[in-house]
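**Student:** Take this structure first; my questions come after.
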Amino acid sequence: MSFGQGSIQKFLLYASLMVAIATPLAGAQEKTTGSAASAPSGQVSPPVVAASAPSQLSLDEVLTKLDATLRWDPLSAIGALEVPGHRVVFIADRNPSEMPGTLRPVLFDGTVLMLLQPPLLENGELSFPVAFTATVADVFSQAREDERSRYRVAAILIDPGHGGKDPGATGSHLIAGKRIELTEKDLVLDVALDLYRKLAVTYPDKRVLLTRDSDTFPSLEDRVAIANSVKLAENEAIVFVSIHANASFNRKARGYEVWYLSPEYRRTVIDAERYADSSDVLPILNAMLEEEFTMESIMIAKHIMNGFDRFIRARSPSRGIKAEEWFVVRKARMPSVLIELGFVTNQDDAVLLSDKSYLRNLSDAIYSGIKDFVNEFEKSGGFTASR
């Protein structure tokens, strides 16, 4: 890689910056002004900017203008201006009089290289060229704009099965000398409420919803209606997670499993009114969206299964990922899965399901899977462009 005049020196600077991106800044100090707006990671391609003897801005002025945080290593003079999800790394110029107007490499999010006149370090104080600051502001602004146009998961709907007059599966067991009655509706509500709390803390910018938050009985139709009535913007998605516990006449049956809608099942997932002017291609659009929802449902199922394997595999066996036409996943017009936590009719599973700490582990597993899916989905900006 060549930067023209002084290419060897600039290449070494570029290598130093790459190391700075890959590892925490040594002895880094932090300075903040204001609160940066939330912005997931994105990529932009800023122009090369050259400035001749620009006027300077103070550090406080720059942090206020960019609403950013500075991480700074005084030994190497390497700094990073950071907003949530993005950073610009630079090496300050300690001897500007030796090569006035020299451009140096600057990295954006570890991959985009710019050549800019660097900040100045003089008497222990940093100052920033106006052109440098304006370019960084544009880079951060463009990244935020790109993110607003990317697909994101805007809502997560948690559906604790059964409730009210419908207890769901039940089991009675002698555990530690006591007769314990297990009821599906209570177990799944306990797990769902804990999952809700975890997701709400992690995603304050998303709508985390429940089909029920107490011992009530929404019908299957009610649950689907709640899911399908969530309003979404053009670049927003919703996922539906229904939580259940299992039962079997075979008392030896035990373990957890995750279900998604069979790809062979045909359904209408597209809003016909929204595409009234494209009725001739409506079947094609619907088929494309069906395919996308199926793919995303399988990915959610895989991530949740990975969570179960991490958190509880040593105590309860995996029954795998399966496909079936359950009502709620069949009627919900979105990626959806149905989870079976274990068998209330099995003695070993019952011992686990009667333990509050184990129920927390179950919610941890589902939370981990949803979080991994959301991260992957939003990093890719939506897995396909078929919406």
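The values are calculated or read from the model by the stated rules, or taken from the named source; none is laboratory data. Please read all numbers here as calculations on a predicted model, not as lab measurements. Positions of Cβ are backbone-derived with ideal geometry, glycine not excepted, and every protein chain shown enters the neighbour counts.
**Student:** Please go through the range 177-197 and give me each residue that is farther than 15 Å from residue 214 by Cβ and surrounded by 14 or more Cβ atoms within 10 Å (Cβ to Cβ), ordered by number.
**Tutor:** 180, 182, 184, 195
**Student:** On the given criteria, is residue 327 among the aromatic types (Phe, Trp, Tyr), within 19 Å of the chain's Cα centre (by Cα) and assigned by TED's automatic domain parsing to the domain that holds residue 170? Talk me through it step by step, then tell me what you get.
**Tutor:** Values: among the aromatic types (Phe, Trp, Tyr): yes; within 19 Å of the chain's Cα centre (by Cα): no; assigned by TED's automatic domain parsing to the domain that holds residue 170: yes.
Criteria not met by residue 327.
**Student:** With 321, 370, 339 as the choices, which residue is part of a helix (DSSP H, G or I), of a type in the set (A, V, I, L, M) and at pLDDT 90 or above? Working first, answer last.
**Tutor:** Working: 321 fails: part of a helix (DSSP H, G or I); 339 fails: part of a helix (DSSP H, G or I).
Unique residue meeting the criteria: 370.
**Student:** Within the bounds of the range 165-176, is there any residue that is part of a strand (DSSP E or B), crowded, with 19+ Cβ neighbours inside 10 Å and modelled with pLDDT of 95 or more?
**Tutor:** Within the range 165-176 (the criterion being part of a strand (DSSP E or B), crowded, with 19+ Cβ neighbours inside 10 Å and modelled with pLDDT of 95 or more), the answer is yes, since at least one residue qualifies.
**Student:** Among (1) closer than 22 Å to residue 231 by Cα; (2) assigned to a helix (DSSP H, G or I); (3) not polar (S, T, N, Q), there is one condition residue 334 misses while meeting the rest; what is its number?
**Tutor:** (2)
**Student:** Residues being under 24 Å from the mean Cα position of the chain (by Cα) and either hydrophobic (A, V, I, L, M, F, W, C) or at pLDDT below 95 (or both): count how many of those fall in the range 205-222.
**Tutor:** Adding up the residues that qualify gives 4.
**Student:** What single numbered condition from (1) under 30 Å from residue 148 (Cβ atoms); (2) at pLDDT 95 or above fails to hold for residue 184?
**Tutor:** (1)
**Student:** I need a count of the residues in the range 87-104 that are modelled with pLDDT of 90 or more and in a strand (DSSP E or B).
**Tutor:** Residues that pass the stated criteria total 6.
**Student:** Separate question: Residues 159, 186: which one is without any contact (Cβ under 8 Å) to a residue 40 or more places away in the chain, in the same structural domain as residue 369 (by TED's automatic domain parsing) and not hydroxyl-bearing (Ser, Thr, Tyr)?
**Tutor:** 186
**Student:** Pairs under 9 Å by beta carbon, first residue farther than 26 Å from residue 263 by Cα in the range 310-332, partner assigned to a helix (DSSP H, G or I) and of a type in the set (Gly, Ala, Ser), six or more apart or different chains?
**Tutor:** Note: pairs meeting the criteria are 310/365; 310/368; 311/365; 311/368; 312/365.
**Student:** Cβ-Cβ under 9 Å, sequence separation 6+ or interchain: first residue in the range 238-266 and closer than 14 Å to residue 348 by Cβ, partner of a type in the set (Val, Ile, Thr) and at pLDDT below 95. Which pairs?
**Tutor:** Note: pairs meeting the criteria are 256/312.
Residues checked against (1) outside any strand (DSSP E or B); (2) over 30 Å from residue 102 (Cα atoms):
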{"residue": "134", "(1), (2)": "yes, no"}
{"residue": "137", "(1), (2)": "yes, no"}
{"residue": "140", "(1), (2)": "yes, no"}
{"residue": "145", "(1), (2)": "yes, yes"}
{"residue": "154", "(1), (2)": "no, yes"}
{"residue": "192", "(1), (2)": "yes, yes"}
{"residue": "195", "(1), (2)": "yes, yes"}
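**Student:** In the range 191-202, how many residues are under 15 Å from residue 216 (Cβ atoms) and touching a residue at least 40 places away in the same chain (Cβ under 8 Å)?
**Tutor:** 1
**Student:** Something else now. Return yes when residue 357 is free of Cβ contacts under 8 Å to residues at least 40 places away in the same chain and not charged (D, E, K, R) and no when it is not.
**Tutor:** Yes: the conditions hold for residue 357.
**Student:** Hey, another quick one. Residues in the range 199-229 that are in contact with a His (Cβ under 8 Å, 6 or more places away or on another chain) and among the β-branched types (Val, Ile, Thr): how many?
**Tutor:** The number of residues fulfilling the criteria is 0.
**Student:** Restricting to the range 106-131, and then to whatever is at pLDDT 85 or above and under 26 Å from residue 379 (Cα atoms), can you tell me which residue is surrounded by the most Cβ atoms within 10 Å (Cβ to Cβ)?
**Tutor:** Out of the qualifying residues, it is 106.
**Student:** Return yes when residue 140 is over 30 Å from residue 204 (Cβ atoms), modelled with pLDDT of 90 or more and buried (at least 21 other Cβ atoms within 10 Å of the Cβ) and no when it is not.
**Tutor:** For residue 140, the condition - over 30 Å from residue 204 (Cβ atoms), modelled with pLDDT of 90 or more and buried (at least 21 other Cβ atoms within 10 Å of the Cβ) - is not met.
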